[in-house]
Amino acid sequence: MASGTREKFDNPVIEWVDSRLPVFSMMQKEYGVFPTPKNFNYFWNFGAIAMVMLVTMIVTGIVLAMNYAANADIAFSSVERIMRDVNHGWLLRYLHANGASFFFIAVYIHIFRGMYYGSYKQPRELLWILGVVIFLLMMATAFMGYVLPWGQMSFWGATVITNLFSAIPLVGDSIVTLLWGGFSVDNPTLNRFFALHYLLPFVIFAVVFLHVWALHVTGSNNPLGVEPKGKQDTLPFHPYYTMKDTFGVLVFLIVYSAFVFFLPNYLGHPDNYIPADPLVTPPHIVPEWYFLPFYAILRAITFDITIPFTGIILIPAKLGGVIAMFGSIAMLFALPFIDKHPVRSAVFRPWYKIALMVFVVVAFVLGICGGKPPEGIWVPLAQVCTVYYFAFFLVIIPFLNKKEPVLELPASINDAVLKKSKKA
Amino acid sequence: MKKILTLTVASFLTFSPLVHAAESGHKLENQQWSFEGIFGTYDRGALQRGFQVYSQVCSACHSMKYLSYRNLEALGYTDDEVKAIASQYTIMDGPNDEGEMFERARKPSDRFKSPYDNDKAARYANGGALPPDLSLITKAREGGADYVYGILTGYEEPPEGVDLAAGQHWNKVMAGNKIAMAAPLSDDIVSYEDGSPTTVDQYARDVAQFLTWAAEPEMEIRKRTGIKVILFLLAFAGIMYSVKKKIWADVKH
């Protein structure tokens, strides 16, 4: 990393370490003087916020693991023991359970920021893809974490989601048996989920490291989507953005704390305070709120896809739903290669801006559909939204590539900033 | 841009109530509780009365297996009172030095005595229905204390044309309206020492509060801590806002 010429430090201890392992030089280069566009808005706080949430989750999670027992007979009561008898156990668990939700809130806003300002575009494609990998790992981790308290929703959520893999032709059933460690969700399932739930956060941490590394190669995008052209466009990361990020993190923590201390179970489901019972199916199985849009897409495919006029089923509805659900994430991976429009920021893309805002509304509506029983208006509504979800990537963006006019961009960040302050 | 940000966060937060729709057609009446709100606390009198109702009525069928007698100190009982309460119940302990199991009085460190040895026994004694454990009932049901109060006061004559099977009762709050538990409360079945009215409504209110405490014994300390945490974060955020403003004062951005 930091190699070649190195500036000497005055402090002899720091200098002694740095001349042998230049960590201080690296920090100085990557977080001290690192040139950062000077026109960030508060959306750029969410990377730092997500990082704080990841660390919060790992720290609270490790302490919880010291008190938790991954055994189907006692998992539920070991969680109750944490809540009642472990010193500040309730705080640890509520921080961790709500922390998952707030980690997702931060990451969803972070992803939206990237889509709005075109942060995924050349040369930041790999940076974006690493981000989607983190998102995917987060989903796996959160899903397995929700199983651990071994309540009714844990058990039945695990049953529904793992069963999805049985839709895969030929190998599906074997995969499900492997996931379960048996022939139904049971103690072996809980054990392997606990092991993986402990492992994956560290994998996430490693990919976050790559994500940040890639960021420090290309530098940050900014609200104008115009690359910095020189010193007049940037500021050193410290103290400008370290201080701004600290402020943003604190505001986020206030909202997070309000939930942890005053509404700790608001984002959860009451059924998960009922111990898992393989003989009693809850009337209405729903995943955690952050999965609902994807759950709605999964359930939107209610029909088999057949070869016309023959009646031969090509893709059964269940497999279709699974393909659609994974496809919805695959769209995010493909986004940098689908969107070829030369302008990055939606600020200068009036058409894309509208399409994206509709996309956000559609994602919310899908979330609502996912939380409702699959009947009545919710099914066709989810289907229409699913069509828009995919059309946004596969039809609208390719159309905009060719048709959306290319507006004149500001000559530089500094230029735009000066003009704005003159107007004000 | 700040507006968009607040809107985004706000819409995320308002989004989830839509997720949990009530499953019973009946809408729970919202009751007033002393433990509501950010400064809410339990009413010790109501907790003790609620415990009395639980031990004299509910505990005949419903266990509370996550509670120990020592937890009752939080209700305002002294050490000696808790010991006395615990010693009314027995537990099978052992094996002793001779390898024999023996029965002894319960101690404050023992769990609440369950009415049945296991779920099968509970079902057998209740016509196939399992009386749920009540340790977490207010967290395990939509509506919490309102739900418990609603069930206990929700017994009605079934509407005309509805046939109830043997052992079923009509309750306006229960999902599907059919409940295996007969109306457990009636006026004057528990005598209160503090002069509170001995009505079904008062019993239901007290026991709902007691069960809320049982499910969330940490609530008072949690809310007190929360106020301190948020005040600290507000002050810290205020300072950081000024710091940020001062640092950025000379930069056009």
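Here, each number is a calculation from the coordinates, and none is a lab measurement. The model shown is predicted, which means the values in this text are computed figures rather than measured ones. Virtual Cβ from ideal backbone geometry, glycine too; neighbours counted across all protein chains shown.
Summing -39500 (n - 2.57) over the DSSP H runs of n ≥ 4 in chain B and dividing by its residue number, what mean residue ellipticity at 222 nm do you reach, to the nearest 500 deg cm²/dmol?
Using -39500 (n - 2.57) per qualifying helix, the result is -12500 deg cm²/dmol.
Using DSSP H assignments, which helices in chain A have an axial alpha-carbon span of 20 Å or above and a mean Kyte-Doolittle hydropathy of 0.5 or higher?
On the way: long enough: A:46-67 (31 Å, 2.18); A:89-116 (40 Å, 0.78); A:125-147 (34 Å, 2.10); A:187-218 (46 Å, 1.24); A:237-262 (35 Å, 1.18); A:317-338 (30 Å, 1.86); A:350-371 (32 Å, 1.92).
What comes out of the filter, once short or polar helices are dropped, is A:46-67, A:89-116, A:125-147, A:187-218, A:237-262, A:317-338, A:350-371.
Would you order B:Ile151, A:Ile312, B:Ile221 from fewest to most other beta-carbon atoms within 10 Å of each residue's own beta-carbon? Don't skip to the end; give the middle numbers.
Working: B:Ile151 23, A:Ile312 9, B:Ile221 12.
Final ranking by Cβ density, sparse to dense: A:Ile312, B:Ile221, B:Ile151.
Have a look at A:Val185, A:Pro223, A:Leu91 and report the one farthest towards the positive end of the charge dipole of the protein assembly as shown, computed about the Cα centre with Cβ charges (Lys/Arg +1, Asp/Glu -1).
The Cα lying farthest towards the positive end belongs to A:Pro223.
Arrange the following residues from fewest to most other Cβ atoms within 10 Å of their Cβ: B:Cys61, A:Cys369.
Details: B:Cys61 18, A:Cys369 27.
Starting with the residue having the fewest Cβ neighbours, the order is B:Cys61, A:Cys369.
How far apart, in nanometres, would the label points at A:Phe205 and A:Leu418 be if each is projected 7 angstrom from Cα along the Cα-to-Cβ direction?
So the two model labels end up 4.7 nm from each other.
How much mean residue ellipticity at 222 nm does chain A get from its helices, if each DSSP H run of length 4 or more adds -39500 (n - 2.57) and you divide by all residues, to the nearest 500 deg cm²/dmol? Please report the intermediate quantities before stating the final value.
Values: 16 runs with 262 residues, N = 424.
Helix-only estimate at 222 nm: -20500 deg cm²/dmol.
In whole angstrom, how far apart do the alpha carbon centroids of segment A:70-120 and segment A:393-424 sit?
Going from one Cα centre to the other spans 38 Å.
What are the extents of the Cα atoms of segment B:106-185 along their three principal axes, listed from largest to smallest and rounded to whole Å?
51, 29, 20
Pick from A:Leu253, A:Leu92, A:Leu148: which is most flexible by mean-square fluctuation in a GNM of chain A where alpha carbon atoms under 10 Å apart are linked?
With Cα springs under 10 Å in chain A, the top fluctuation among A:Leu253, A:Leu92, A:Leu148 is at A:Leu253.
Which aspartates and glutamates have a Cα less than 12 Å from the Cα of B:Lys107, not counting those fewer than 8 places away in the same chain?
Once the sequence-local aspartates and glutamates are set aside, what remains near B:Lys107 is B:Asp79, B:Asp80, B:Glu81, B:Asp93.
Once label points are set 7 Å from the Cα along Cα→Cβ at both A:Gln122 and A:Val160, what is their separation, rounded to one decimal in nm?
4.3
Multiplying the sequence separation of B:Ala84 and B:Leu164 by 0.36 nm and subtracting their Cα-Cα distance, what value in nm do you get?
Working: separation 80, 0.36 × 80 = 28.80 nm, distance 4.30 nm.
Using 0.36 nm per residue and subtracting the Cα-Cα distance, I get 24.5 nm.
Which entries in the list B:Lys223/B:Lys244; A:Lys231/A:Lys403; A:Lys29/B:Lys244; A:Lys231/A:Lys402 go over 25 Å, if you measure between the two C-alpha atoms of each? Spell out each step's value before the answer.
Working: B:Lys223/B:Lys244 31 Å; A:Lys231/A:Lys403 35 Å; A:Lys29/B:Lys244 21 Å; A:Lys231/A:Lys402 34 Å.
B:Lys223/B:Lys244; A:Lys231/A:Lys403; A:Lys231/A:Lys402, as the Cα separations exceed 25 Å there.
Between segment A:323-372 and segment A:132-204, what is the separation of their alpha carbon centroids in Å?
27
How about A:Lys229: which aspartates and glutamates have a C-alpha closer than 20 Å to its C-alpha, ignoring those fewer than 8 places off in the same chain?
A:Glu30, A:Glu408, A:Asp415
Roughly speaking, what is the stretch gain from A:Leu279 to A:Lys231, that is 0.36 nm per residue apart minus the C-alpha to C-alpha distance, in nm to one decimal?
10.6 nm
Check which residues have an amide H placed less than 5 Å from B:Ser68's amide H, if you skip close sequence neighbours.
B:Phe112
Roughly how many debye, to the nearest 20, is the charge dipole of segment A:304-424 about its Cα centre, given +1 on each Lys and Arg Cβ, -1 on each Asp and Glu Cβ, and no other charges? Working shown, then result.
Numbers: 12 positive and 6 negative charges, 128 e Å.
I would put it at about 620 debye.
Given points 7 Å out from each Cα along the Cα-Cβ axis, report the A:Tyr266 to B:Ala175 separation in nanometres with one decimal.
The two pseudo-label positions are separated by 2.4 nm.
Quick one: length gained pulling A:Glu30 to A:Thr177 fully straight, 0.36 nm per residue minus the C-alpha distance?
Details: separation 147, 0.36 × 147 = 52.92 nm, distance 4.65 nm.
Using 0.36 nm per residue and subtracting the Cα-Cα distance, I get 48.3 nm.
Between A:Asn39, A:Asn187, A:Asn11, find the one with the highest GNM mean-square fluctuation for chain A; connect C-alpha pairs within less than 10 Å.
The residue that fluctuates most here is A:Asn11.
Considering only A:Gly61, B:Leu67, B:Ser87, whose Cα is most displaced toward the positive end of the charge dipole of the protein assembly as shown, charges sitting on Cβ of Lys, Arg (+1) and Asp, Glu (-1)?
Working it through, the farthest residue towards the positive pole turns out to be A:Gly61.
Among the complete DSSP H segments of chain B, which ones combine at least 15 Å of alpha-carbon extent along their axis with a mean Kyte-Doolittle hydropathy of 1.0 or more? Spell out each step's value before the answer.
Values: long enough: B:2-15 (19 Å, 1.20); B:44-56 (18 Å, -0.75); B:200-215 (22 Å, 0.05); B:219-248 (42 Å, 0.63).
TM-like helix candidates: B:2-15.
Could you work out the Kirkwood radius for chain A, taking every pair of different alpha carbons, averaging 1/r and inverting it, reported in Å?
Numbers: mean 1/r = 0.0416 Å⁻¹.
About 24.0 Å for chain A.
For A:Lys318, go through the lysines and keep the ones whose alpha-carbon is under 26 Å away, minus same-chain ones fewer than eight residues off.
Of all the lysines, those that pass the test against A:Lys318 - Cα under 26 Å, at least 8 places apart if same chain - are A:Lys372.
Using a Förster distance of 45 angstrom, determine the FRET efficiency expected from the C-beta separation of B:Ser109 and B:Ala129, and round it to 0.05.
Details: r = 32 Å, r/R0 = 0.71.
Computed FRET efficiency for B:Ser109 and B:Ala129: 0.90.
Evaluate the charge dipole of the protein assembly as shown about its Cα centre and quote only its size in Debye, nearest 20, assuming +1 on the Cβ of each Lys and Arg and -1 on the Cβ of each Asp and Glu. If you can, show how the numbers build up before the last one.
Working: 56 positive and 56 negative charges, 832 e Å.
For this selection, approximately 4000 debye.
Relative contact order, percent, of chain A when contacts are C-alpha pairs under 8 Å separated by at least 6 residues? If you can, show how the numbers build up before the last one.
Numbers: 503 pairs, mean separation 90.2, N = 424.
Computed over chain A, the figure is 21 percent.
Given A:Ala70, B:Gly154, A:Phe364, which one lies farthest toward the positive end of the charge dipole of the protein assembly as shown, if we put +1 on the Cβ of every Lys and Arg and -1 on the Cβ of every Asp and Glu?
Result: A:Phe364.
Can you compute the FRET efficiency between A:Ala411 and A:Arg20 using 1/(1 + (r/R0)^6), with r the Cβ-Cβ distance and R0 = 41 Å? Round to the nearest 0.05. It would help to have the intermediate numbers written out before the result.
Numbers: r = 45 Å, r/R0 = 1.11.
Rounded to the nearest 0.05, the efficiency is 0.35.
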